[in-house]
Amino acid sequence: MIVAVHQPQYLPWLGYFDKMRRADVFCYLNDVQYKKNEWQNRNRIKTAQSWQWITVPVRYHFPEKIHEVHVNNDVDWARKHLQALITNYRRAPYYSRYIPIFEEVYAREWALISELNVYLAESLKIALGLHEKPTVLSSDLVLREEPTDRLIDICKALGADTYLAGKGGADYMDLERFEKNGLKLIIQDFQHPIYPQLFGEFQSHLSIVDLLFNCGPESLKIISEANAGPN
């Protein structure tokens with residue numbers, strides 16, 4: 001059984017869902033250090049001018065973990081994010097099919113960034129057709145703090161024999177310890193597909209929303225055919 005682990009990200013990119021697709025169980029790593037100016041509260045969408053950030057404002061106080069970080073709801077961010085999607089994707093082929101997902105999400109008030117991110121990822125997982133892919137929260141497991149120990153503990157807790165790591169995982173993991181614990185290690189090498197987009201020249205590494213609005217039910221096929229792998 002293959003397990004993949006990743007921090008909850010805001011409107012994640014295609015590679016995030018490729019990792020989820022290839023795993024038998026996907027673990028949201030929500031109880032590790034929050035990192036400012038990364039992907040936990042922002043992502044990119046395509047516009048007529050190129051691309052733009054959409055960022056959820058947070059009230060972060062070091063050393064809070066991801067699941068402890070609050071959304072700053074004094075800022076009218078949800079209305080702005082929904083309007084950004086409407087403005088930039090209303091002419092996309094599958095706009096009307098998927099915009100209700102975001103209307104529902106942005107109509108709610110979210111206290112914690114991790115809860116928003118997980119809810120969105122689960123909604124997008126279903127939209128992609130990964131309905132039966134099980135997910136868990138790392139905060140629901142008993143884990144050690146050291147990064148490699150934590151990942152090994154997650155694999156053992158979930159009954160995995162294989163860990164699917166992101167490409168940058170080799171930079172901080174003690175790879176030999178996986179083998180010593182009877183775990184096979186697979187490194188994801190995501191090859192970004194090219195697909196039809198609005199606004200001219202193709203722009204890669206955007207939020208999954210860009211693929212969904214433009215390619216609809218073919219989105220998961222586009223990801224999987226560009227990145228053939230287990231499952």
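Quick one: length gained pulling Glu115 to Thr55 fully straight, 0.36 nm per residue minus the C-alpha distance? Before the final figure, lay out the partial values.
Values: separation 60, 0.36 × 60 = 21.60 nm, distance 1.55 nm.
That pair, Glu115 and Thr55, stretches by 20.1 nm at full extension.
In whole Hz and in residue order, list the ³J(HN,Hα) couplings for the range 112-128 that follow from phi through the Karplus curve 6.51 cos²θ - 1.76 cosθ + 1.60, θ = phi - 60°; x for Gly and Pro.
Rounded to whole hertz, the list is 10, 5, 5, 5, 4, 5, 5, 4, 5, 4, 5, 5, 6, 4, 5, 4, 6.
Taking amide H atoms as placed 1.01 Å from N in the peptide plane, list the residues 5 or more away in sequence, or in a different chain, whose amide H sits under 5 Å from that of Asn43.
Close amide H contacts, sequence-distant or interchain: Ile54.
Checking the cross-link filter: which lysines have an alpha carbon closer than 16 Å to that of Lys180, excluding same-chain neighbours under 8 positions apart?
Lys156
What percent do you get for the relative contact order of the range 1-150 when only Cα pairs under 8 Å and 6+ apart count?
Numbers: 203 pairs, mean separation 44.7, N = 150.
Worked out over the range 1-150, it gives 30 percent.
In the range 147-231, what GluC sites (Glu not before Pro) fall in a loop by DSSP, with at most 15 other Cβ atoms inside 10 Å?
Passing both the DSSP loop test and the Cβ count: Glu201.
For the chain, give the share of DSSP beta bridges that are antiparallel, in percent and rounded to the nearest 5; count only bridges with both residues there. Let's see the in-between values first.
Details: 11 of 25 bridges.
Bridges in the chain that DSSP calls antiparallel: roughly 45 percent.
What number does the range 2-226 give for Rg over Rh if you use C-alpha atoms and the Kirkwood radius?
On the way: Rg = 17.6 Å, Rh = 18.3 Å.
Using only Cα positions, Rg/Rh for the range 2-226 is 0.96.
Please report, to two decimal places, log10 I(q)/I(0) for the range 1-121 at q = 0.11, 0.17, 0.19 Å⁻¹ as given by the Debye formula with identical point scatterers on the Cα atoms and no solvent.
Each listed q maps to, in turn, -0.40, -0.93, -1.12.
Working from Cα positions, state the angle (0 to 90°, nearest 10) between the long axis of helix 95-106 and the longest principal axis of the chain.
The answer is roughly 70 degrees.
Whole-Hz Karplus ³J(HN,Hα) for the range 208-219, in order, using 6.51 cos²θ - 1.76 cosθ + 1.60 and θ = phi - 60°, x for Gly and Pro?
The phi angles translate into 4, 4, 5, 5, 4, 5, 8, 10, x, x, 7, 4 Hz.
A short reminder: the numbers here are calculations on the coordinates, not readings from a lab. Quantities reported herein were computed from a predicted structural model and do not represent experimental measurements. Here Cβ is always computed from backbone atoms with ideal geometry, including for glycine, and neighbour counts include all displayed protein chains.
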